[in-house]
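I have placed the structure first, in the form of structure tokens, so that the comments after it can refer back to it.
What follows draws every value from the coordinates through simple rules; no lab data is involved. Since we're looking at a predicted model, the values are computed, not measured. Every residue, glycine as well, gets a Cβ built from its backbone with ideal geometry; the counts of neighbours run over all protein chains shown.
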Amino acid sequence: MPVLPRLIPRSERYFPERGGKWQQVISYRGMTTAARGPIYETRLSWPAATAAAKGLRIGFFSDAHVMDNAGTREIIRAAAESFAAFNPDYLLCGGDFSGYLSQLESCWPLLAAFAPLRAVKLAVEGNWETRKEWIPHAYWRERFARYGFRLLKHDLYSDRKIAIYGMGDFDYPVPPPQWPDGPCTRLLLVHCPDVLVAAPGETPPFLALSGHTHGGQIRLPLIGPLATASLYGRRLDAGLFRHRDSGSAMLISTGLNHLSFPWRFGCRREVVLLTLI
């Protein structure tokens, strides 16, 4: 969030008709949450498409925006404790793990907090990674790999139980997700919900996990967010959305941390604990 997307012609990245097809089915206030120190645990159950995927647990976090201060370290510690108690089979990072360039190298050791988890660890880049265009993709891939995370960029992870596709952030035109043939439970990992809206073509139903918006970061009672970082404004703020044609769904997380604005108001920091049933 709080940096603008790349200067790409608006006609290539804003699709009012496509955006209108994503309908909110569970609002920010409708999510099931529980407090854990400075963060909240948001729990969600989702139907598995295959018997092999039933019972799988997926932990998801986004927008850590790691800064070299005590507050961020406490947030990451609480997130790691939450995931340890949940014991996920897969741990997914939805991008924007890094923060300010001056503190870039100091952010990575905090990933070590997740090292004890015996989970498949996957990540995608967010705009705070891709906007640093002078830093090659190989740098991000190596830093995530150093702490056990495989970085996906228009790439697929697949095993006998689940298929997880990671989209790149703000690559236009957006290539459609590529899924394995045959029945499988499909999760899509994408940082910004706008990128998913911009993806062309029809694909089999999936559940997407995204972040970027911070839930607006400032939410007023009865009103909700004043604005979000999405081109679709408050329409895509936070919660669970379903595509009315394809049946695919998208969870937009409020994320873990803040940036630009040095605080949140009325907007929780969260990790997502997803169980396939």
Modelled label-to-label distance, GLU142 and ILE223, 7 Å Cα→beta-carbon offset: nm? 4.8 nm
Based solely on C-alpha atoms, express the radius of gyration and the Dmax of the range 226-271 in angstrom. 12.5, 39
Among (1) 51, 45, 41; (2) 104, 33, 30; (3) 45, 41, 40, the entry matching Cα extents along the principal axes in Å as calculated here is (3)
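What length, rounded to one decimal in nm, is gained on full extension from SER106 through to ALA35, with 0.36 nm per residue of separation minus their alpha-carbon distance? It would help to have the intermediate numbers written out before the result.
Numbers: separation 71, 0.36 × 71 = 25.56 nm, distance 2.76 nm.
Full-extension gain reported as 22.8 nm.
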Separation of the ARG235 and ASP181 label points, Cα + 7 Å toward Cβ, nm: 3.7 nm
Taking a spot 7 Å from the Cα of ALA115 along the direction of its beta carbon, which residues of the range 143-165 have an amide N less than 19 Å from it? 143-151
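Please label the shape of the range 1-141 as rounded, prolate or oblate, based on the square roots a ≥ b ≥ c of the eigenvalues of the alpha-carbon gyration tensor (a/c under 1.5 means rounded; beyond that, a/b larger than b/c means prolate, else oblate). Present the calculation step by step, with values, prior to reporting the outcome.
Values: a/c = 1.62, a/b = 1.06, b/c = 1.53.
Because a/c hits 1.5 or more and a/b fails to exceed b/c, the range 1-141 counts as oblate.
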Value of D in µm² per second that Stokes-Einstein yields for the range 196-277, Kirkwood Rh from Cα pairs, at 25 °C (0.890 mPa s): 178 µm²/s
Largest first, please: the extent of the C-alpha atoms of the range 114-223 along each principal axis, to the nearest Å. 44, 35, 31
